[in-house]
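Asks: I am attaching a structure below and will ask some questions about it afterwards.
The values are calculated or read from the model by the stated rules, or taken from the named source; none is laboratory data. Nothing here was measured: the structure is a model prediction, and the numbers come from that model. Quick reminder, even Gly has a Cβ in these numbers, built from the backbone with ideal geometry, and neighbours come from all protein chains shown. Accessible surface areas use protein heavy atoms only, side chains included; no ligands, DNA or RNA. Shrake-Rupley method; radii C 1.70, N 1.55, O 1.52, S 1.80 Å.
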Amino acid sequence: MEKIFKNLNESQSNAVKKTEGPVLILAGAGSGKTTTIISRLAYLIEVIGIPASNTLTLTFTNKAAKEMRERSLAMIENVAYPPLLCTFHKFGLLFLKFHIHLLNRKNNFVVIDTDDKKRIIKKINSELPVPLVASEISRYKNSLISPDEAYKQAELYNYQQIAKVYEEYEKYLVENNLVDFDDLIALTYKLLSENKDLAMATSQKYQYIMIDEYQDTNELQLKLIQKLCSAHTNICVVGDDDQSIYGWRGAHIRNIMEFDQDFKNAEVFKLEENYRSKSPILKVANALIEHNRSRLGKKLIPTRGGGEDVSILNSNDENEEARKIAANINKLLDSGVSANDIAILYRVNVLSRSIEEGLNRAGIAYKLVGGLRFYDRAEIKDLISYIRVITNFHDDFSFKRIVNKPKRGLGKASIDKLELAALSQELSIYQYIKNTSKADLELLVRKKNAATLKSFIKNIETVAQISKESTYDFIDVLEETFHLKDIYKGMQDESDRVLNMDEFYGLFRDFVKKDPAQGLDEFLNELTLQSEQDQVEGESIYMMSIHASKGLEFEHVFVIGIEEGFLPLVGDGSDLEEERRLGYVSFTRAKETLTLSHAASRFYKGRRSDLQKSRFFNEAGLCAGSLIVEKNTSFKKGDLVRHKIFGTGRVTGVSKSGREFKLSINFAGNKKDILASFIERL
C-alpha cells in the first residue's frame, strides 16, 4: 500500500482509490499520467484483491504498452498471471484467435501489413490510385461500412469503383484466411455485437478496464469499449482533451468530451500538477489553450519553480531563422548541454529543409524523427534525377529512376531489356534509344512503348536546350513538360509531396537569383554538399513534426514556423481548436527553455510569400502578434442556458458557424443546435 501511494499527489491518490463505476482521469501534460495508471492497476490487484486476469489495460502504441507493463510488474508481487496490458490491435488479435470461428473462419489466420494490403489492391485493380483505395477501405472498416453499403453511398464513379475493389478485397482476404490491421478491431466488435452472450462473458472476464490516451480513440474503438462494459461500468479512461491532435486520423475528441454521456454517473479527476516544465513555459501554454471553447477545462500547475522566460526569434526569412537557431544550439552545446536534450519542432514537414541546411552549415548533427531528410525524400530524389539526366544524358542510374515517372507504361522488365541492349553495344541507355530506329525498338519493347521512349528522349533534349538559354525558366519548363506532380496524384500524402516539390522549385529559383550566371551543374554540386550531412559520431539533436513529438520531452525546445498559415494552418478543412492544441503540445514538450520562431517571409509552394506572425503569440500573452479578431462566445460546455421557446437546457458543445458561434443544447432530452446570440446564460 505504502509503495503504491509513496510518489502520488492528492489528485492522483484519489483517482487510484476510485475503483468502481466510470472514471475519467483528465491528465494534463507532464502530470504523471502513466504513474497514475500503473498505480491504479497495482491498487486493484495488490490492495482490493482483484485477480490480475480480470483486468484489461489498453493503449495505442507498443512502446507505451511495454513501458507500462514493465513498470506495473515492478509494483505487483506474487501474481500467477500478469495483467493483460496491450494495444487495442493486440487485444483484437488475441480475441480473434479464440473466437473468429464464430464467423466461419479459421483461427490460424495471417495478419497482413500495409504493403501486403496495397499489393492485393493493385492485383485487383491497377488503374485506381492504390494509396487512395487503401485509405478508403480503412475508412469503411472503421465506420463499419460493408462493401454493399459503400457502393450505395458512392455518388462518384471513382468511388463506386473503389467499393467494387473493396468487395473483391474482402473476398480475397476471406478466401486466403487473411485479416488486415483494421479487421483486428472491426471483426472483434462485429463478434461482440452479434453475440450477446459472448459480449457478456468477455465483460465478466475483464471486470476492470482502463484505457490510456482516451482522446485518441475513434468511433469504432468507443463502440468496442462499450461492448466490453456490457456486464459492468468499471471503466477508467485517462487522457487530455487539450492534447487531442489526431482528428485527421479518425480520432474523435467528443469521446473524451462526452464521456459522462456515454457512461452515466462518471466521476472526473483532474491531474493538473506538472512535473516537467518550468513555470514560464506553463504560463504561455495555459494562456494559449484557454482560448479553446471545446475543452473540459484545467490548468497546469508548475511544481519545478521559475526559469528562463520563453524566447521569441524574429527573422526576415527562413535562412536567417536557420542561422539564428544553429547559433543558439551551438551556445547550448558549448555550455555542456547534451545534443540529445535539444529538439526542433514544426507543424509542416516542408519547413525542415531550411533548418536542415542551416544545421549542416554549422556542423551540427541531427536526427530527423518520423520522416526522411528533405533530400532523401522520393519526390526530391526524382527531381534531382531529372536534373542530372538533363545535364548528363548518359547518367544511366538517374535515367532508370525517371524513365517511368510519371508512368509511361514501362515496366521493370522493359527497362532491364533496354539496359542490357545498351550494355551490349557499349552505349548509355539514352544513346541506345536515340540511335536505334523505332522499328528495331519495337522488337525489344511494345510498339506503344517505343514511341513513348522516342518522345521522352526528345523532351529531355528540348528541356536541356532551354536550361542553357534561361536557367531561371528551366524549372517551370521542366514541370510543364513532364508533369512531375502527377507522379503522386491520388496518394494519401499527395499534398505533402507537392509542397516539398514546390519548396525545391523555390530553392532552385533562389539559387539562380543569387547568381544568374550559375548553371545546373553548380546547382547539383551545391545540393550534394547540402544533402550529404557529415556522419558525426555520438549524439545529435532531434528534428520532428509536432505530431511526432507527442509523448516526448526535451530540456530545450525550438518551435519554428509560428506564422499564420503554418501554425495555425488556416483554410479549408483546418480546425483552429486542433491547431491550438498542436501549439499547446509543442510548448509542453520543453522542460527548461522554450524558443518560438517566426519569419517574415518563406518560400512556399514555389514562391516567396510574406507572412504574418501567428495569432498564437498574442493568445499566449507573449506579444501583440497578429491578433485575428473573431466574434467570441462566453458560453462553454456544461453551461445552463435559457431559450425563449425551448426553455432551460444545458450546453453540450460549442462550434463555429460563419461569424457566429453555434451551441449544441440539450433541452430535457430535446437536442437542438442554436446560434449563441439567441441564448442567455442562467
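Asks: If you check SER634, SER609, which single one turns out to be over 23 Å from the mean Cα position of the chain (by Cα), modelled with pLDDT under 90 and over 30 Å from ILE380 (Cβ atoms)? Full working, then the answer.
Replies: Numbers: SER609 fails: over 30 Å from ILE380 (Cβ atoms).
Criteria check complete, one pass: SER634.
Asks: Taking the stretch 363-377 only, how many residues are in contact (Cβ under 8 Å) with a residue 12 or more places away in the chain, under 19 Å from the mean Cα position of the chain (by Cα) and not in a helix (DSSP H, G or I)?
Replies: Qualifying residue count for the region: 7.
Asks: Another question, if that's okay. Scan the stretch 13-40 and report the pairs whose first residue is farther than 21 Å from ASN265 by Cα and whose second residue is open to solvent by 20 Å² or more (accessible area, probe 1.4 Å) and among the aromatic types (Phe, Trp, Tyr), with Cβ atoms within less than 9 Å and a gap of 6+ or a chain change.
Replies: Here the result reads GLY30/TYR275; SER31/TYR275; GLY32/TYR275; THR36/PHE269; SER39/PHE5, each pair linking the stretch 13-40 to a residue that is open to solvent by 20 Å² or more (accessible area, probe 1.4 Å) and among the aromatic types (Phe, Trp, Tyr).
Asks: So, one more: Just the residues that are assigned to a loop (DSSP other than H, G, I, E, B), under 28 Å from TYR488 (Cβ atoms) and open to solvent by 30 Å² or more (accessible area, probe 1.4 Å), please, taken from the stretch 395-435.
Replies: ASP395, ASN404, LYS405, LYS407, ARG408, GLY409, GLY411
Asks: Something else about it: Of all strands (runs of 3 or more DSSP E) completely enclosed by the stretch 262-349, which ones contain at least 3 residues that are farther than 22 Å from ILE245 by Cα and touching a residue at least 40 places away in the same chain (Cβ under 8 Å)?
Replies: Answer list for the stretch 262-349: 311-315.
Asks: In this structure, is GLN221 within 18 Å of the chain's Cα centre (by Cα) and within 25 Å of HIS547 (Cα to Cα)?
Replies: No.
The rows are residues; the columns are (1) polar (S, T, N, Q); (2) part of a helix (DSSP H, G or I).
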{"position": "SER13", "(1), (2)": "yes, yes"}
{"position": "GLU20", "(1), (2)": "no, no"}
{"position": "LYS63", "(1), (2)": "no, yes"}
{"position": "ALA74", "(1), (2)": "no, yes"}
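Asks: Filtering the stretch 258-269 down to residues that are among the hydrophobic types (A, V, I, L, M, F, W, C) and out of contact with any Asp or Glu (no Cβ under 6 Å at 6 or more places or on another chain), which residue is most open to solvent (accessible area, probe 1.4 Å)?
Replies: That would be VAL268.
Asks: Starting from residues that are over 26 Å from TYR43 (Cβ atoms) and among the charged types (D, E, K, R), keep the ones in the stretch 195-226 and report whichever is surrounded by the most Cβ atoms within 10 Å (Cβ to Cβ).
Replies: LYS223
Asks: So for the stretch 651-660 (the condition being among the basic types (Lys, Arg), open to solvent by 30 Å² or more (accessible area, probe 1.4 Å) and modelled with pLDDT of 80 or more), does at least one residue qualify?
Replies: No, the stretch 651-660 contains no residue that is among the basic types (Lys, Arg), open to solvent by 30 Å² or more (accessible area, probe 1.4 Å) and modelled with pLDDT of 80 or more.
Asks: Taking the criterion of being without any contact (Cβ under 8 Å) to a residue 60 or more places away in the chain and either out of contact with any strand residue (DSSP E or B) (no Cβ under 8 Å at 6 or more places or on another chain) or within 30 Å of LEU444 (Cβ to Cβ) (or both), would at least one residue in the stretch 381-388 satisfy it? Lay out the reasoning, then the answer.
Replies: Residues of the stretch 381-388 that are without any contact (Cβ under 8 Å) to a residue 60 or more places away in the chain, as a first pass: 381, 385.
Remaining after also requiring either out of contact with any strand residue (DSSP E or B) (no Cβ under 8 Å at 6 or more places or on another chain) or within 30 Å of LEU444 (Cβ to Cβ) (or both): 381, 385.
Checking the stretch 381-388: at least one residue is without any contact (Cβ under 8 Å) to a residue 60 or more places away in the chain and either out of contact with any strand residue (DSSP E or B) (no Cβ under 8 Å at 6 or more places or on another chain) or within 30 Å of LEU444 (Cβ to Cβ) (or both).
Asks: If ALA450 passes every condition in (1) within 27 Å of VAL130 (Cβ to Cβ); (2) at pLDDT 85 or above but one, which one does it miss?
Replies: (1)
Asks: For residues that are farther than 20 Å from LYS489 by Cβ, open to solvent by 20 Å² or more (accessible area, probe 1.4 Å), part of a helix (DSSP H, G or I) and not hydroxyl-bearing (Ser, Thr, Tyr), tally how many sit in the stretch 121-153.
Replies: 7
Asks: Further question on the same structure: May I ask you to list pairs of residues, at least six apart or on different chains, whose Cβ atoms are under 7 Å apart, with the first in the stretch 489-504 being without any contact (Cβ under 8 Å) to a residue 12 or more places away in the chain and the second being crowded, with 17+ Cβ neighbours inside 10 Å and in a helix (DSSP H, G or I)?
Replies: From residues that are without any contact (Cβ under 8 Å) to a residue 12 or more places away in the chain, the pairs are GLU494/TYR488.
Asks: Still on this model: Under the condition of being within 25 Å of the chain's Cα centre (by Cα) and open to solvent by less than 40 Å² (accessible area, probe 1.4 Å), which residue from the stretch 378-393 is modelled with the lowest pLDDT?
Replies: Of the residues in the stretch 378-393, the ones within 25 Å of the chain's Cα centre (by Cα) are 378-382.
Right, trim to open to solvent by less than 40 Å² (accessible area, probe 1.4 Å) and you get 378-380, 382.
Values: ALA378: 85, GLU379: 89, ILE380: 88, ASP382: 91.
Across the stretch 378-393, the extreme among qualifying residues is ALA378.
Asks: Criterion first (crowded, with 19+ Cβ neighbours inside 10 Å, more than 15 Å from VAL559 (Cβ to Cβ) and within 27 Å of the chain's Cα centre (by Cα)) does ASN292 satisfy it?
Replies: When the stated conditions are applied, ASN292 passes them.
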